[in-house]
């Protein structure tokens, strides 16, 4: 999160601002399309959404609200992806989320450097601002229920196979197991929202991508220690907790989530988890581990995200940001954009759609809004997370109030904040100075070790 917030001015330059919430009841699809292929008119366009996380549920809600016959598959409605659970403030309004879903309203944020220098990153928060902490099982359940209320048929079932058609206009077949029985469903369109190990992506040969692994323990603390984390989130940087990412302590309803992640050293993830536990041991002593979680996190968008009448969204598409590992907002946003694209292209479910429809109405619009974000974050991650020198420089820069205000505006509202060119130039100079100073500090620390 830290370097994403820090460099919003570079990150969002040249990208469109996040769109305002859309009243899907008033969507008006186009009335003509030369490439249209009319489906069987005895029923509406039929779409299978595979995966019931934020991406799939948001897609299913948009589809069902727009008049498309929608089936949402989720294999286990009682569990959820391991996740830090931080969502930006704008997501609450944009997705009309009730505040009852929010476990903690974080107003204090600290970033801790490899040498244990601590910076308060929440100094410039406005009185009404906070970072919302949610539990994924609670958020996911709410979004699935809302999709169901909109008209989606929610199935607790394991999808085992997607059979692609041999001709252009033939249907797809979704093979799944429900209540121990093997069944199949014929559909016109498939939305793959089934995570990093997506079966849908494999079915359309969408290509591989590298994955990080996130490891997290949920720890229930004694009341007096939980009080310390009432509205505080912590991020830790250093080779001891991750060679290429960060570790975190995030507050939940009655416990804290303590975790870390890595791409380059996945086999050592438990060692890094011990590292973060050691860093915070005086704060979590007496706590009881109530759940241990691990999950792959995609590191970049897949080579193919649309093929035929199949579209990938969320983790299946690779929409987790570098540096921050932020995925919830972008998953929900991609699902909604994809669902609305299908509604628009199909004229409310009245006509067949094509691959070109999906590319035009979903993929190109997504890339126009967010592709620069992902590219720049990749660069920033390599600069700041590649060594302890970079991490020390990052923490030093995060102490600047101008950096904080501009960065928080960008993170919480997904928009380009109005900045000051002179301050931007000074920030760039401070970045260079921070690297120079931290290199000296790093060399001295290594010398003293000897």
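Under a point spin-label approximation (7 Å from Cα along Cα-to-Cβ), what is the residue 288-residue 379 distance to one decimal in nm?
Computed distance between label sites residue 288 and residue 379 equals 5.1 nm.
7 Å from Cα along Cα→Cβ at both residue 205 and residue 77: what's the point-to-point distance in nm?
Result: 3.7 nm between the two label points.
In the P(r) worked out for the range 101-206, what percent of Cα pairs fall beyond 23 Å?
On the way: 3072 of 5565 pairs.
The calculated P(r) of the range 101-206 puts 55 percent of pairs beyond 23 Å.
Determine, from the Cβ-Cβ distance of residue 368 and residue 274 and an R0 of 45 Å, the FRET efficiency 1/(1 + (r/R0)^6), rounded to the nearest 0.05.
The formula returns an efficiency of 0.55 here.
Let's test the formula: R0 of 25 Å, r as the Cβ-Cβ distance of residue 96 and residue 126. What FRET efficiency results, to the nearest 0.05?
My answer for the efficiency is 0.70.
If each residue of separation counts as 0.36 nm, what is the full-extension length gain between residue 184 and residue 145 once their alpha-carbon separation is subtracted?
Gain on extension, residue 184 to residue 145, equals 11.7 nm.
Between residue 300 and residue 175, what length in nm is gained on full extension when 0.36 nm per residue of separation is reduced by their alpha carbon distance?
Working: separation 125, 0.36 × 125 = 45.00 nm, distance 2.85 nm.
Contour length minus Cα-Cα distance gives 42.2 nm.
For the range 211-298, what does the relative contact order come out to in percent, with C-alpha contacts under 8 Å and a separation of six or more?
Once divided by the residue count of the range 211-298, the mean separation gives 45 percent.
Once the piece of chain linking residue 360 and residue 153 is laid out straight, how much longer is it, given 0.36 nm per residue of separation minus the C-alpha distance between them?
Separation in residues times 0.36 nm, less the Cα-Cα distance, equals 71.8 nm.
Please compute the modelled spin-label separation between residue 239 and residue 107, points set 7 Å along Cα→Cβ, answer in nm with one decimal.
Rounded to a tenth, the inter-label distance reads 4.0 nm.
Bear in mind that the values in this text are calculations on the coordinates, not laboratory data. A quick note: this is a predicted structure, and the numbers were derived from the prediction, not measured. All Cβ positions, glycine included, derive from the backbone under ideal geometry; neighbour counts span all protein chains shown.
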